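**Q** Take a look at the following structure, please.
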Amino acid sequence: MKLSTLLQSIQALIRPEGMQHPQGEDRSITSIHYDSRQVKPGGLFVAIKGLKVDGHDFISHALDQGAAALVMEKPMTAPCTVPVIRVNQPRKALALLGASFYDNPSSKLHLTGITGTNGKTSTSYLLEAIFNEAGHATGVIGTINYRYGNKVFANPMTTPESLDIQQILADMVKEGITHVIMEISSHAVDLDRIFGLCFDTGVFTNLSQDHLDYHQTMDHYFDCKKRFFTEGLEHGQSQGKTVRAVINGNDDKGLEIKSLLTIPFYTTGSETAHIRLRNASLDILGIQGTLICPDGQIDIRSDAIGAHNLENILNAAGAALCAGVSLTAIKKGVEAFTVPGRLERVPTDLGFYVFVDYAHTPDGLLNVLQTLKPLTPGRLITVFGCGGDRDKGKRPKMGQIAETFSDLCIVTSDNPRSEEPDQIIDQIREGMKNKHHCVEPDRRKAIGQAIDCAKKGDCILIAGKGHETYQILKTRTIDFDDRTEARKALETHGL
């Protein structure tokens with residue numbers, strides 16, 4: 001693609017001084033990069049500031065790699081023979097350049113974005129199952145992975161960088177995908193990773209404390225969530241899409257977002273919501289009731305457990321209705337729904353129950369424990385920790401929650417990263433006032449300890465890592481899967 005054609009997409013961002021070496025405007029650009037290590041001859045390098053490094057510090061490396069042009073915010077201080085385009089907001093520039101280079105793939109897809117503290121992944125799996133039952137070719141970009149057709153790829157973050165999103169969506173279009181579901185993190189909104197995407201539907205699940213290591217305050221965290229609905233959905237409208245929203249009516253912040261909307265929306269959950277479950281029954285075997293919505297009603301049943309999964313089901317149903325999916329397909333999708341690491345049952349015939357869940361926030365842990373506690377005939381035993389190099393303020397809160405709703409807690413390591421596990425555990429224990437908890441920093445031993453002390457009717461919750469298959473210990477990342485470790489411990493239980 002000609003550089004001049006690409007630059008048309010970012011005219012509003014180019015600084016008044018324009019471009020250095022404009023005679024190179026007609027050169028061909030064969031690729032776009034934001035990592036200088038990936039630059040290829042003929043590529044355009046966009047210098048963006050990351051959380052730890054600044055792309056402007058790697059301009060010379062990009063040129064050594066063969067960059068044919070540069071897009072950057074800071075002035076060029078060294079002689080340069082390739083075009084240099086200075087912009088005011090390089091992250092937005094990267095997003096728009098990526099969309100232009102890959103022929104705006106989101107405009108060719110039905111794109112649903114799901115945001116909120118908890119429930120994004122489960123809701124995406126639910127909606128994927130519903131779309132599949134409706135006969136749609138579906139792709140997902142989420143916390144666990146991104147996937148389409150028979151292809152599954154590891155995803156290092158909930159929402160990838162903008163350029164990577166455009167490439168993934170372009171690949172999906174080539175593969176015949178028609179409907180895509182994206183988990184939208186607050187970081188992605190704040191860092192303009194989703195800027196320029198054409199969404200059809202935005203879904204809000206809930207808001208509770210998380211990511212304050214990045215956002216610092218709850219107000220800033222919530223502002224990012226709001227921006228997805230007040231700004232992030234605008235581009236789809238500008239491209240002629242009929243954009244809608246689905247809002248959890250049981251969440252106060254959801255109601256605040258609803259009051260700001262200028263687009264059509266569905267509310268879910270409350271007795272007066274557009275989408276709700278009548279005669280709801282929630283037990284250890286799952287959820288059932290009659291789904292009521294503007295399109296009619298239908299009986300549904302799911303193996304998912306708990307009130308939070310009911311919210312996820314209703315939010316997914318709302319997003320499906322926005323896409324014109326029938327109630328029959330919604331019913332079949334809900335019945336087919338499973339999600340790795342979200343109240344995932346580890347099978348055992350030993351007379352007690354074992355669940356693995358990703359709950360790693362105070363609200364997430366509270367939801368899971370409040371779900372399991374009334375359904376557990378015996379004791380509720382919780383194995384959990386908190387991640388290192390993350391929000392320290394939630395550690396004592398999670399300790400208090402675990403102690404309040406468990407009969408026995410085993411405090412252990414999660415992903416300690418660069419921190420000392422004992423220090424993290426001590427901060428967790430600051431919120432634990434009673435003595436019915438144990439400490440075992442070795443997560444494998446902690447899981448084994450929980451299973452060894454379980455009796456008939458007990459329920460064990462292993463919380464925090466869910467679907468993850470690794471553990472981060474200082475500079476090492478080791479293989480570690482809570483589900484695998486639980487199965488191993490069950491095999492040797494009583495020996």
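**Q** Within a 10 angstrom radius of the beta carbon, how do Met432, Met157 rank from fewest other beta carbons to most? It would help to have the intermediate numbers written out before the result.
**A** Values: Met432 19, Met157 13.
With the fewest neighbours first, Met432, Met157 line up as Met157, Met432.
**Q** Working from Cα positions, state the angle (0 to 90°, nearest 10) between the long axis of helix 90-101 and the longest principal axis of the chain.
**A** Roughly 80 degrees between the two axes.
**Q** Could you tell me the largest-minus-smallest coordinate of the C-alpha atoms of the range 430-482 on each of the three principal axes, in descending order and whole angstroms?
**A** 35, 29, 16
**Q** Rounded to the nearest 20 debye, what is the charge dipole size of the chain about its Cα centre when +1 sits on each Lys and Arg Cβ and -1 on each Asp and Glu Cβ?
**A** Working: 53 positive and 59 negative charges, 38 e Å.
Dipole of the chain, to the nearest 20 debye: 180 debye.
**Q** Label the range 146-229 by shape, choosing from rounded, prolate and oblate, from the square roots a ≥ b ≥ c of the eigenvalues of the Cα gyration tensor; if a/c is under 1.5 it is rounded, and otherwise prolate applies when a/b is larger than b/c, oblate when it is not. Could the numbers behind the result be given before it?
**A** Details: a/c = 2.26, a/b = 1.97, b/c = 1.14.
Judged from the Cα gyration tensor, the range 146-229 comes out prolate (a/c at least 1.5, a/b above b/c).
**Q** Rounded, prolate or oblate: which fits the range 344-492, taking a ≥ b ≥ c as square roots of the Cα gyration tensor eigenvalues, rounded meaning a/c under 1.5, else prolate when a/b beats b/c?
**A** Working: a/c = 1.75, a/b = 1.22, b/c = 1.44.
In terms of gyration-tensor shape, oblate.
**Q** Using the 10 angstrom Cβ neighbour count as an exposure proxy, how do Phe195, Phe405, Phe229 rank, fewest first?
**A** Phe405, Phe195, Phe229
**Q** For q values of 0.07, 0.10, 0.11, 0.13 Å⁻¹, compute log₁₀ I(q)/I(0) with the Debye formula on a Cα-only model of the range 105-336, without solvent.
**A** Here log10 of I(q) over I(0) equals -0.19, -0.41, -0.50, -0.71.
**Q** Another question, if that's okay. With both partners inside the range 105-336, how many of the DSSP beta bridges are antiparallel, as a percent to the nearest 5? Provide the component values of the computation, followed by the final result.
**A** Details: 20 of 43 bridges.
For the range 105-336, the DSSP antiparallel bridge percentage is about 45.
**Q** Under a straight-distance cross-link criterion of Cα-Cα below 20 Å, which aspartates and glutamates are reachable from Lys474, leaving out those fewer than 8 residues away in the same chain?
**A** Partners found: Asp213, Asp389, Asp391, Asp414, Glu419, Glu420, Asp422, Asp426, Glu440, Asp442, Asp482.
**Q** Apply the a/c threshold of 1.5 to the C-alpha gyration tensor of the range 367-444 and tell me whether it is rounded, prolate or oblate. Walk me through the intermediate numbers first.
**A** On the way: a/c = 1.91, a/b = 1.81, b/c = 1.06.
Note, shape of the range 367-444 comes out prolate.
**Q** Where q = 0.10, 0.11, 0.16 Å⁻¹, what log10 of I(q)/I(0) comes from the Debye formula for the range 3-89, counting one point per Cα?
**A** The computed values of log10 I(q)/I(0) come out as -0.21, -0.25, -0.55.
**Q** Let me ask something else. Can you find, among Thr242, Leu314, Gly232, the residue farthest towards the positive end of the dipole of the chain? Put +1 on the C-beta of Lys and Arg, -1 on that of Asp and Glu.
**A** Going by the Cα projections, it comes out as Thr242.
**Q** What are the equivalent ellipsoid semi-axes of the range 94-190, built from the alpha-carbon gyration tensor (square roots of five times its eigenvalues), in whole angstrom, biggest first?
**A** Values: eigenvalues 71, 60, 25 Å².
Semi-axes (√(5λ), whole Å): 19, 17, 11.
**Q** Still on this structure, please answer the following. Roughly what % of DSSP beta bridges within the range 344-492 run antiparallel, to the nearest 5? Walk me through the intermediate numbers first.
**A** On the way: 6 of 23 bridges.
Percentage antiparallel, nearest 5: 25.
**Q** If you take every DSSP beta bridge whose two residues both sit in the chain, what share of them, in percent to the nearest 5, is antiparallel?
**A** On the way: 31 of 80 bridges.
The antiparallel fraction comes to roughly 40 percent.
**Q** Treating the angle as unsigned and between 0 and 90°, give the value, to the nearest 10°, between the Cα long axis of helix 327-336 and the longest Cα principal axis of the chain.
**A** So the helix axis and the longest Cα principal axis differ by about 70 degrees.
**Q** If I fit a long axis through the Cα atoms of helix 307-322 and take the longest principal axis of the Cα atoms of the chain, what angle between them do I get, 0 to 90°, rounded to 10?
**A** 40 degrees
**Q** Taking each pair of distinct Cα atoms in the range 253-321 once, what is the resulting Kirkwood hydrodynamic radius in Å?
**A** Details: mean 1/r = 0.0795 Å⁻¹.
The answer is 12.6 Å.
**Q** Moving on to the next point. Over all directions, how big on average is the projection of the convex hull of the alpha-carbon atoms in the chain, in square nanometres?
**A** Details: hull surface 96.5 nm².
Here the figure is 24.1 nm², rounded to one decimal.
**Q** Which order do Glu440, Glu25, Glu311, Glu491 fall in if you start with the one that has the fewest other Cβ atoms within 10 Å? Mind dumping the intermediate values first?
**A** On the way: Glu440 19, Glu25 16, Glu311 25, Glu491 10.
The fewest-first ordering by Cβ neighbours comes to Glu491, Glu25, Glu440, Glu311.
**Q** So for each of 71-83, 318-330 I average, over its residues, the number of other beta carbons within 10 Å; can you give me the resulting order with the highest mean first?
**A** 318-330, 71-83
Here, each number is a calculation from the coordinates, and none is a lab measurement. These figures come from a predicted structure and were not determined experimentally. Because the Cβ atoms are built from the backbone with ideal geometry, glycine has one as well, and the counts that use them run over all protein chains shown.
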